[in-house]
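For reference, the structure is listed below as structure tokens.
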Amino acid sequence: MEKFVINGLRQLKGEVSISGCKNAAVAVLPAALLLDGPCRIENIPDIKDVDTLMTILKEMGAEVSSDDSGTVTVDPAKVNTYRADYDLLKSLRASYYLLGALLSRFNKAEVAFPGGCDFGFRPIDQHIKGFEALGATVSIEHGVVKAYAPKLASSQIYLDVVSVGATINLMLAAVKAEGTTIIENAAKEPHVVDTANFLNAMGANIKGAGTDVIRIKGVDRLPGGSYSIIPDQIEAGTFMIAAAATGGDVVVRNMIPKHLESLSAKLREMNVNLEEGEDWIRVWRSGDINKAAIKTLPYPGFPTDLHPQIAVLLCQAEGTSTITEGVWDLRFQYVDELKRMGANIKVEGRMAVIEGITHLTGAPIKATDLRAGAAMVLAGLAAKGKTEVYNIKYIDRGYERIEKKLQSLGADIERVSE
Ligand code: EPU
């Protein structure tokens, strides 16, 4: 078991480069299963979730190799199973993409359903509704989702809730289905667009990704090819908030400023300075932080995956700030941990009410999930004294060498074996 030990109140200064997008990588790697030839994917982040997924693909028979530059090649020719059982999947939350990919490739899929996640149950009713519309029969038996379709045929599917996972899964299932499938009320997140771009680069015909309506014209073959995935929106946002929370001055490089517009707008409202170029944003402070009211929403709204991190910054604002959670019911586990550092936060329904200014003080705290874990690191950096962050396995799932990147910006943070 490892923990981070942080001595806070060091202003972050310098430049940091953002890694490839986790949520694109965990979609694109299973998508490789339905290709008719090998693919080469660049900019894959070196994180635990990717590692787990590569092991799963290998155990299913795919030839997978990776190099130090983040390039992964996958040859799915020898995959001969449509089953992925619980032993294989228990440590991966995004395993549901195997359903769409295997259903497309074998017309059947049996994939263990991990069920809960670190912040609540994750329903997949919209995924199932979509598979059924494409002609599949779906059942859940003994914790395994089973989908069979004698033939996948196109359909028009309206998603009742905007779901990243369902949108991507239905693109995977429909990419070789006969006719043109239409997904309405589709998610517009950058990683949805990136997965569509990946599939198109492999030979698919998908139009409209990034809008509410995606049209997928089925193709017979996906020959494979090369692709480079986008930088991670949430990692970039986390470093932007870290710069502001430590009163530092950081240039976040190799990112797409457009993906962070909702955060940039809020940071400006909070009196944080920003300057941006084509693929970088500089963030620095020159005064006190203003309070803010934030609501998390599907893209292009404020990302739920930056909710716990922005809460840390709002502790530094005078007056009452609020964060209303518009995506996940149970995203407030970070609150009790921040309270241990002196934060004054209460949760009312789906809203966190934050009273400031609070000068956080270091304490032993734990990561309760990936993004709450990132928030704990930020809190440690902004707090007076020593903070120990436990359960950092959650953080390693989604951030590539976070402590090294922070050290290069001047943070006093160490990974220590317990
Ligand atoms: N929902 C349903 N039915 C469904 C699917 C979703 O009701 O069939 C609901 C969920 O309960 C939730 C909302 O719809 O309230 C949005 O869920 P979505 O399906 O969009 O989430 P997801 O695909 O499971 C992805 C990211 C999450 C991120 C959410 C929201 C991946 C692998 N995960 O999850 O990322 O929070 O979208 O943007 O892409 C993270 O990176 O830390 C993370 C949790």
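The values are calculated or read from the model by the stated rules, or taken from the named source; none is laboratory data. Source: prediction; values computed, not measured. In this analysis, Cβ positions are derived from the backbone assuming ideal geometry, glycine residues included, and neighbour counts consider all displayed protein chains. Areas reflect the complete protein model, heavy atoms only, side chains present, ligands, DNA and RNA absent. Shrake-Rupley method; radii C 1.70, N 1.55, O 1.52, S 1.80 Å.
See the values below:
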| item | result |
| --- | --- |
| Cross-chain or 6+ apart pairs with Cβ under 7 Å, segment 133-145 first and among the hydrophobic types (A, V, I, L, M, F, W, C), then open to solvent by 80 Å² or more (accessible area, probe 1.4 Å) | Ala136/Tyr148; Val138/Glu132 |
| Subset tally (residues that are closer than 18 Å to Asn344 by Cα and surrounded by fewer than 22 Cβ atoms within 10 Å (Cβ to Cβ)) for segment 381-403 | 1 |
| Residue within segment 301-318 that is within 16 Å of the ligand (Cβ to nearest atom), in contact (Cβ under 8 Å) with a residue 12 or more places away in the chain and either polar (S, T, N, Q) or farther than 21 Å from Met240 by Cα (or both) present | yes |
| Filter pass, Gly115 being within 14 Å of the ligand (Cβ to nearest atom), more than 16 Å from Val213 (Cα to Cα) and at pLDDT below 95 | yes |
| Test: residue in segment 283-291 that is basic (Lys, Arg), under 20 Å from Ala243 (Cα atoms) and open to solvent by 70 Å² or more (accessible area, probe 1.4 Å) | yes |
| Residue ranges of strands (runs of 3 or more DSSP E) in segment 306-417 with at least 2 members closer than 26 Å to Asp249 by Cα | 319-324, 351-356, 386-390, 412-417 |
| Subset of segment 210-253 (residues that are among the hydroxyl-bearing types (Ser, Thr, Tyr), part of a strand (DSSP E or B) and touching a helix residue (DSSP H, G or I) at 6+ places or on another chain (Cβ under 8 Å)) | Ser226, Tyr227 |
| Restricting segment 175-202 to residues that are away from the ligand (no atom under 13 Å from the Cβ) and under 21 Å from the mean Cα position of the chain (by Cα), the residue that is most open to solvent (accessible area, probe 1.4 Å) | Asn197 |
| Residue in segment 367-379 that is touching a Pro at 6+ places or on another chain (Cβ under 8 Å) and charged (D, E, K, R) present | yes |
| Qualifying position, being of a type in the set (A, V, I, L, M, F, W, C) and open to solvent by less than 40 Å² (accessible area, probe 1.4 Å), among Ala243, Ala265 | Ala243 |
| Failed item in (1) in contact (Cβ under 8 Å) with a residue 60 or more places away in the chain; (2) open to solvent by 30 Å² or more (accessible area, probe 1.4 Å); (3) of a type in the set (A, V, I, L, M); (4) over 24 Å from Val193 (Cα atoms), with Val251 passing the rest | (2) |
| Every residue from segment 377-394 that is hydrophobic (A, V, I, L, M, F, W, C) and farther than 17 Å from Ile310 by Cβ | Val389, Ile392 |
| Residue identified as touching a strand residue (DSSP E or B) at 6+ places or on another chain (Cβ under 6 Å) and either of a type in the set (Gly, Ala, Ser) or not assigned by TED's automatic domain parsing to the domain that holds Tyr96 (or both) among Gly210, Gly224 | Gly224 |
| Selected residue (criterion: nearest to Val28 (Cα to Cα)) from residues of segment 175-194 that are aliphatic (A, V, I, L, M) and in a loop (DSSP other than H, G, I, E, B) | Val175 |
| Test: Leu378 is open to solvent by less than 40 Å² (accessible area, probe 1.4 Å), within 16 Å of the ligand (Cβ to nearest atom) and under 20 Å from Asn271 (Cβ atoms) | yes |
| One residue from Ile289, Ile256 being under 21 Å from Glu400 (Cα atoms) and of a type in the set (Val, Ile, Thr) | Ile256 |
| Check on Asp36, within 18 Å of Arg93 (Cβ to Cβ) and touching a residue at least 12 places away in the same chain (Cβ under 8 Å) | no |
| Flag for Asp232 being within 13 Å of the ligand (Cβ to nearest atom) and either within 25 Å of Ser69 (Cβ to Cβ) or among the basic types (Lys, Arg) (or both) | yes |
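For every residue, the table says whether it meets (1) in contact with a Leu (Cβ under 6 Å, 6 or more places away or on another chain); (2) acidic (Asp, Glu); (3) farther than 21 Å from Ser226 by Cβ.
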| position | (1), (2), (3) |
| --- | --- |
| Pro38 | no, no, no |
| Ile44 | no, no, no |
| Lys48 | no, no, yes |
| Asp51 | no, yes, yes |
| Ile56 | yes, no, yes |
| Ala62 | no, no, no |
| Asp67 | no, yes, no |
| Val72 | no, no, no |
| Lys78 | no, no, no |
